[in-house]
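The values are calculated or read from the model by the stated rules, or taken from the named source; none is laboratory data. Note that this is a predicted model, so its numbers are computed, not measured. Positions of Cβ are backbone-derived with ideal geometry, glycine not excepted, and every protein chain shown enters the neighbour counts. The accessibility values were calculated without ligands, DNA or RNA, using every heavy atom of the protein model including side chains. Shrake-Rupley method; radii C 1.70, N 1.55, O 1.52, S 1.80 Å.
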Amino acid sequence: ICYACAWHSCQRTPKCRGMFPNAQTLETMTWIPGPYPGVELAILERNPENGGVTVLRKFHSGITVPAHSHPAADEWVCVISGEWVEDDQTYGPGSILQSPRGVRHGPHHARTEVLSLTRFNGPLTVAP
């Protein structure tokens, strides 16, 4: 059985697009400017019901994102690569962080280039 299309005799025909029909690489993704210089976003998913987004975020090495809040969404972060520092605490690969809607956090300093998978359960807005 093909676990992608559930056919018992799948021959990977055009009807079966495979288990991951939307596979990309970091190099082929569309990156857009983030809310601060030195931050780029690749939007992976948008929720039309609540305006939430799942993004890959790339922080360029050496940048500092000032303290801020997200007034319209809770934020969950999983650091994939790199290191960022906040309040003398270093977060690296595997760090999972959560910031409730409206709670001020930061500044974040990217010690190296940082790649994170980040989920907002409402519109991605930023307030100082």
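Among residues other than L117 whose Cβ falls under 13 Å from its Cβ, what is the net charge (Lys/Arg +1, Asp/Glu -1)?
Working: positive: R57, K58, R119; negative: E45, E75.
The answer is +1.
For E45 and E27 in one chain, what is 0.36 nm times their gap in residues minus the Cα-Cα distance, to one decimal in nm?
Values: separation 18, 0.36 × 18 = 6.48 nm, distance 1.78 nm.
Additional length available on full extension: 4.7 nm.
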Completion exercise
Sorted by accessible surface (1.4 Å probe, heavy atoms of the protein chains only), largest first, T64, T54, T30 come out as T30, T64, T54
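Between beta-carbons, use under 14 Å as the cut-off and find the net charge around Q89, counting Lys and Arg +1, Asp and Glu -1.
Values: positive: R111; negative: E83, E86, D87, D88.
So the environment of Q89 carries a net charge of -3.
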